[in-house]
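Rule-based calculations on the coordinates, nothing more; no lab input. Being a predicted model, the structure only gives us computed values, none of them experimental. When we count neighbours, we look across all protein chains shown, and the Cβ atoms used for this are built from the backbone with ideal geometry, even at glycine.
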Amino acid sequence: MADNGADSAVINAGSGQIDIDADVNVTLGSIQTTSTTEPSIEIDAIAGAVIDGGDAATDIVIGAGGTLAIRAATGVGSADALDTDMTTTEIAVSNSTSGNVQIFNSTATGGDDASLTVGTVDSTVGIVNGEPGRSS
């Protein structure tokens, strides 16, 4: 997916895993999978942020039993929360330098807010925002 902010870009891996790595920013249109293999979706923005590319599509869609790992340096949905549709999904997010971690989860079936389990996914533990070694 190009890092051009296009909200119309869609990656649908079916039941496959998705791994997105960037030296700087990752701008999401929509990434979708039903994979239950850990991690179902892994996003690494090594020296940048994971950015919501717009509100026309749900940024991250994972089927039941899937897992999500996000690692960034300067924010995860910091300016505009990442929109997710995940049910019974375990997530782990690490943001090392600056910016916020903002994720809004709802389920397409009924549109209600859905709980997420914060745990360990692909060696990322919990939700960490701030300086390395310091949880916020």
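Per-structure values
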{"item": "For Asn25, residues with placed amide H under 5 Å, excluding near neighbours", "result": "Ala49"}
{"item": "5 angstrom amide H check on Ile18, placed H, neighbours 5+ away", "result": "Ile41, Glu42"}
{"item": "Cβ-Cβ FRET estimate between Ala47 and Val10, R0 fixed at 22 Å, reported to 0.05", "result": "0.30"}
{"item": "Cβ-Cβ FRET estimate between Thr107 and Asp21, R0 fixed at 35 Å, reported to 0.05", "result": "0.80"}
{"item": "Peptides ranked, highest mean first, by Cβ atoms within 10 Å: ranges 99-107, 62-70", "result": "62-70, 99-107"}
